[in-house]
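In what follows, a structure is listed as structure tokens, so that the remarks can point back to it.
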6 protein chains.
Amino acid sequence: MSQPICVINPNSLQNVTASIARAIEPLAPENAGSLQCVTLDVAPPGIVSQRDADRAAPLVAAFIEEHEARFSAFVLACYSDPGLFAAREITRKPVIGIGQAGIAAASLLGERIGVIAISAAGIARHWRYYRALGLERRIAGERSIDLSVAESGDETLALERMSEIARMLRDADGADVIVFGCAGMAALRAKIEAASGLPVIDPCTAAVSFAIARVRDAAGAGS
Amino acid sequence: MSQPICVINPNSLQNVTASIARAIEPLAPENAGSLQCVTLDVAPPGIVSQRDADRAAPLVAAFIEEHEARFSAFVLACYSDPGLFAAREITRKPVIGIGQAGIAAASLLGERIGVIAISAAGIARHWRYYRALGLERRIAGERSIDLSVAESGDETLALERMSEIARMLRDADGADVIVFGCAGMAALRAKIEAASGLPVIDPCTAAVSFAIARVRDAAGAGS
Amino acid sequence: MSQPICVINPNSLQNVTASIARAIEPLAPENAGSLQCVTLDVAPPGIVSQRDADRAAPLVAAFIEEHEARFSAFVLACYSDPGLFAAREITRKPVIGIGQAGIAAASLLGERIGVIAISAAGIARHWRYYRALGLERRIAGERSIDLSVAESGDETLALERMSEIARMLRDADGADVIVFGCAGMAALRAKIEAASGLPVIDPCTAAVSFAIARVRDAAGAGS
Amino acid sequence: MSQPICVINPNSLQNVTASIARAIEPLAPENAGSLQCVTLDVAPPGIVSQRDADRAAPLVAAFIEEHEARFSAFVLACYSDPGLFAAREITRKPVIGIGQAGIAAASLLGERIGVIAISAAGIARHWRYYRALGLERRIAGERSIDLSVAESGDETLALERMSEIARMLRDADGADVIVFGCAGMAALRAKIEAASGLPVIDPCTAAVSFAIARVRDAAGAGS
Amino acid sequence: MSQPICVINPNSLQNVTASIARAIEPLAPENAGSLQCVTLDVAPPGIVSQRDADRAAPLVAAFIEEHEARFSAFVLACYSDPGLFAAREITRKPVIGIGQAGIAAASLLGERIGVIAISAAGIARHWRYYRALGLERRIAGERSIDLSVAESGDETLALERMSEIARMLRDADGADVIVFGCAGMAALRAKIEAASGLPVIDPCTAAVSFAIARVRDAAGAGS
Amino acid sequence: MSQPICVINPNSLQNVTASIARAIEPLAPENAGSLQCVTLDVAPPGIVSQRDADRAAPLVAAFIEEHEARFSAFVLACYSDPGLFAAREITRKPVIGIGQAGIAAASLLGERIGVIAISAAGIARHWRYYRALGLERRIAGERSIDLSVAESGDETLALERMSEIARMLRDADGADVIVFGCAGMAALRAKIEAASGLPVIDPCTAAVSFAIARVRDAAGAGS
């Protein structure tokens, strides 16, 4: 595989991109090319509202259109998967949204998926998406920690609140697996797993792992 | 009612805006203010693809943010309702999407709704929307005439093809009511009704009628 | 439009008919004919039970059969829409049920609909209807004020209880729009909107607005 | 069991009642009382339309109210179960609808239920009912023989057409079990089973068998 | 009917088989052959876990294969219906699962079914089954008494706990009919009915009643 | 990662195990331990019927119970995922079924999943599983090539038939992504992709890729 996989952070926060890059670095295959993370500098600083997601979507599509030839696959590193369906109109290369990938991975480890959202503002939007995907019956519940995207980068602050939310998803909603409803939380994955006793999925690593596997498949196809 | 209702054509085709304006002119209430149609000049020339819809969405939101104080309500005159949920984050005034309004109106005249789409490219996107709204079980089928948005302004060309599609929705899909899956077709409504023998809903007039009723209700509330 | 629209109160309470008539009076279009409210004198005094609804249904059908030629459209002013589907076997003119119209209108202003019912006895019946219509996923919850239909005409008594129920629908069930689950509550609409901070739909005015729009469309068709 | 079970034919056709009586006669338990079939003389001559069903419903309720004390249970011998939910407001004794009972019995013999309807006019009404019951996903399809209720009593005429419909349900719709969508077809059950190779349920005998079992349970409860 | 119906207890607890036999003894028809209960001696002592159900399934199939010619029908007397679909690959004779039959019977007496499970360990498995059957929307809730299968044979111990659970299903989950989520509870049926005020279904007697009716139908077919 | 991942072929065909081993060999991570494929020698020679799947399930559970300590994760290499839920009662280590994993991976590349089954006998069983998982709405269709499991190992024979089925799923059912409904087809993946123009998922490689990613995550958790 000669071309890298492009992981697009569709918000303009460099520290989110950096935390994504750290999380997926161990996944980078030697024989499968490299991973490249990009920040969409003109995008909103965090995808909190529907309007943020709507703003990001055409930027994602424009980026993919411009750089389509350079990459083997694209990962959209925002749980709302902004621009995903438009991107698939632009390229036949794999475009993987972490929202879909997080749900898909969680569905392999449990039956009732609990989602930890950053902000209450996103929950109705996420449910619209679950319904659009026909997956809403797999979601046991979604609850938010109500920290800003920037604050959520503060692991100490986030850890306590996320642990509490994970246990509520488990005990009140009956979740048997947890997925993070945003990018940039990967560093807390093992700790939330310990705090809740449930398997926890970081959607970014799930999406990147899948993209790598898919690109390797495609590469093997030509051999 | 002192403030007008703003009908936003979220594409840049002036002739579509003009046809919308003609269609809704008879609805303009004397005692309920006036209707004002606007074209988003920088928007795509027609919302055909998901990418078109994604491009239009932030433009709709920006327009509403800028002009929010001047209008009593907003109607999004595109069947994909681009930017609808973001708009509701910006204003508490009514924001009515013609996609939702067309389905709602059709649901009052029949049980199985057939949708005539302009382009096959939009059908999967529409189904995602029906599912997101929890309404997919009301849709008997959606079929496209596969004319460009511009061509679809040619009534002679459109009439024959739309009549044929309406009859297919009736006979093959079991529809008992038809809705146009786009703005700008209102002039053909009665003719398609005659051709199919089914009630036919123009989503623009449905949305504008509802917006007028809602604004009147709100005006009455203060009296 | 030369023929009036007939608004049928399918119970025998004259004061309910009167309150409906007051509520819809502002809607009466000068250029679209007049609205005429009728009371079905032999019907039950209020549609509380399933049996009441079952008794009203054939009376509605018989009335429409007898008077079909005189009216341009019919509105069934009971949230259970008794006789709606039979009426459509009798006439091809529009027959609009306020239950369907209330839900349709509410669906244009929010995503999760809360219903205020008069009586707990009707809730299971309403859910059967929501399911029959394929709309149950849009209903966030339905709660009753448990006042008789007659008492519910007492606005002072009803206002406090309805405000409380509206807030429960908002806070416990997550409703973002409210619809009255009966006719005859229109006078309280604005007050419940103020008490809950949510848009509130009176189903009678929603249905009559829609019927007027539909009749105007049909009239325009012949021009 | 000292009280008989009342099987109500909610139409006024005596020959339908007679055919029901013949069908259920072998079920009459010696130690469980007797079965009594009644015809609602003022009911429509066959339940074909929604209006017919609406007319029958209050008659069923009135009959049950008048005779409630004399019977241990009631069976509504019309596939549309007219008046069922109102009847349950009147009595706590079992009221079994053959529509529900036919579907329930079929669901124990197969996974995809095919329904043979007498008339195309009833199919949309039946689907509303399946949805109201939350059972629509079990119905593989419903097809009508399009004979009048009276004609359908002519076994020779009905047999050929029903066999054909049963095979269409099996081959085109994937049904693996068949239920008759009306009362009065029991005499053809074995023949349609032979013609289609699928198990076939007569809803009347299913409902009566269940009612007998339920009454016996209740009788045993007091011992 | 010359051949008996075989009621298979797919666990190895003889006392469960004995309690089933006592429960169904009153159903044995004089003119419809006899009922024979068998215990699968090598099966697990109670079907509590998914693994228990998985172990029982091939034993059920093997038993039916070996004894298929001797019986007119088979009843699987475990609420999880282990081996049901495999059994239908082996024989065309009726194979009735008490899980399906209990739900079917309950659905004829109410709209919202509450299930009393023996053990919390089975609830997720049961929900998988309800979904597989397309019936999950009929289930108001399932709650467990958390007694072992053996303990649950102690009626005194079970009665108090089951009554409490039945009332929780009624009051917290809105159930209007109850079904026992296991075999061997029939002796408590009337008492739980008295304790809850709701109709209560024993799934074994429901299944056996249906099997008898089905076999009688088939016998009548040849006459 | 010191412990290997165990890929269990729950049928007794050594050539199927060998083809699985060849397919997943390129996935074996140097730094993430090795993959070990096992054949369940006493299992049926191919999982065609429900009875085959029922037979395999307890064998899978027994194998995992015996060898649980030796492996980091288990992959069930049969599309019916026999024994999956029981396995999760036995171990908290990841147990990944290729049925679930194939669907999950396909859901990341398209919206409407077409499934190529080996045998028509499995399709109803698969649909039960899709419903049990709440995923049935994602399945556009499933069609079988109707070759025996053994024959399906003959690539020449299988290729032509699978290509035809893939095109039918695309054209008649509207699938936009394909998944193989069995293990052992991986060698044909690229060819079917070429023949259909749709992305094609081999469920074994999807499951193994996910298991590797999950084990790596868990290993990283302790660092």
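The values are calculated or read from the model by the stated rules, or taken from the named source; none is laboratory data. Note that the coordinates shown come from a computational prediction; the quantities given were computed from them, not determined experimentally. With ideal geometry, Cβ positions are generated from the backbone for all residues, glycine too; neighbour counts draw on all protein chains shown. These accessible areas exclude ligands, DNA and RNA; they are computed on the full protein's heavy atoms, side chains included. Shrake-Rupley method; radii C 1.70, N 1.55, O 1.52, S 1.80 Å.
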key: Folded to 0 to 90 degrees: helix E:50-67 orientation relative to chain E principal axis, Cα   = 20 degrees
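Suppose a student asked you for the relative contact order of chain E, using Cα pairs under 8 Å spaced at least 6 residues apart; what percent would you report?
Over chain E, the number comes to 24 percent.
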task = Take peptide C:198-205, look around each residue's Cβ out to 10 angstrom, count Cβ atoms belonging to other protein chains, and average those counts.
result = 2
task = Could you please state, rounded to a whole Å, how far the C-alpha centre of region B:63-90 is from the C-alpha centre of region B:178-221?
result = 18 Å
task = Would you calculate, for the protein assembly as shown, the mean residue ellipticity at 222 nm contributed by helices, counting each DSSP H stretch of 4 or more residues as -39,500 (n - 2.57) and dividing by all residues, to the nearest 500?
result = -14500 deg cm²/dmol
task = Rounded to the nearest 10 degrees, what's the angle between the helix C:98-107 long axis and the longest principal axis of chain C, both from Cα atoms, 0 to 90?
result = 60 degrees
note = Expressed in angstrom and ordered largest first, the alpha-carbon extents of the protein assembly as shown along the principal axes are 84, 83, 55
note = For the pair residue C:156 and residue B:66, the simple spin-label estimate (label points 7 Å beyond Cα toward Cβ) gives in nm 5.3 nm
task = Using only Cα atoms, find the angle between the long axis of helix A:14-24 and the longest principal axis of chain A, and express it within 0 to 90 degrees, rounded to the nearest 10.
result = 80 degrees
key: For E:47-53, mean number of other protein chain Cβ atoms within 10 Å   = 5
ask   = If one computes the Cα centroid of region C:91-130 and of region A:140-174, what distance in Å separates the two points?
value = 37 Å
task = List the residues of region B:136-167 whose accessible area drops by at least 10 Å² when all protein chains are present, compared with their chain alone, using a 1.4 Å probe and counting only protein heavy atoms.
result = B:136, B:137, B:138
inquiry  = Compute, for region C:21-81, the length of the dipole vector about the Cα centre, with Cβ point charges of +1 (Lys, Arg) and -1 (Asp, Glu) only. Units Debye, rounded to 20.
reply    = 140 debye
inquiry  = Give me the percent of accessible area attributable to carbon and sulfur for the protein assembly as shown, probe 1.4 angstrom.
reply    = 52 percent
ask   = Roughly how crowded by other chains is peptide C:208-214, in terms of the mean Cβ count from those chains within 10 Å of each of its Cβ atoms?
value = 5
request  = Please report, in debye to the nearest 20, how large the charge dipole of region D:100-202 is about its Cα centre when each Lys and Arg carries +1 at its beta carbon and each Asp and Glu carries -1 there.
outcome  = 400 debye
ask   = Relative to the Cα centre, what is the charge dipole magnitude of the protein assembly as shown, using +1 at the beta carbon of each Lys and Arg, -1 at the beta carbon of each Asp and Glu, and rounding to the nearest 20 debye?
value = 0 debye
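For residue F:25 and residue A:171, what does the FRET efficiency come to when R0 = 30 Å and r is the distance between their Cβ atoms, rounded to the nearest 0.05?
That pair, residue F:25 with residue A:171, gives E of 0.10.
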query = By a straight-distance test (C-alpha under 27 Å), which lysines pair with residue D:191 as possible cross-link partners, with residues fewer than eight away in the same chain excluded?
reply = E:93
message = Can you tell me the convex hull volume per residue for chain E, based on C-alpha atoms, in Å³ to the nearest whole number?
response = 111 Å³
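Quick one, can you get me the convex hull of the C-alpha atoms of region A:89-207 expressed as volume per residue in Å³?
107 Å³
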remark   = Rounded to the nearest 100 Å², the accessible area buried between B and C, both sides, probe 1.4 Å, is 3100 Å²
inquiry  = How large is the direction-averaged shadow of the alpha-carbon convex hull of region A:1-103, in nm²?
reply    = 6.2 nm²
request  = Send over a whole-number figure in Å² for the accessible area per residue of chain C, probe 1.4 Å.
outcome  = 34 Å²
message = Given the rotation relating B and C, tell me which residue in B puts its Cβ closest to the axis and the distance in Å.
response = B:104, 2
task = Would you be so kind as to list the residues of region F:91-116 that have their accessible area lowered by at least 50 Å² in the full protein complex compared with their chain by itself (1.4 Å probe)?
result = F:108, F:109, F:111
Residue among A:177, A:90, A:194 farthest towards the positive dipole end of chain A, charges placed on Cβ = A:90
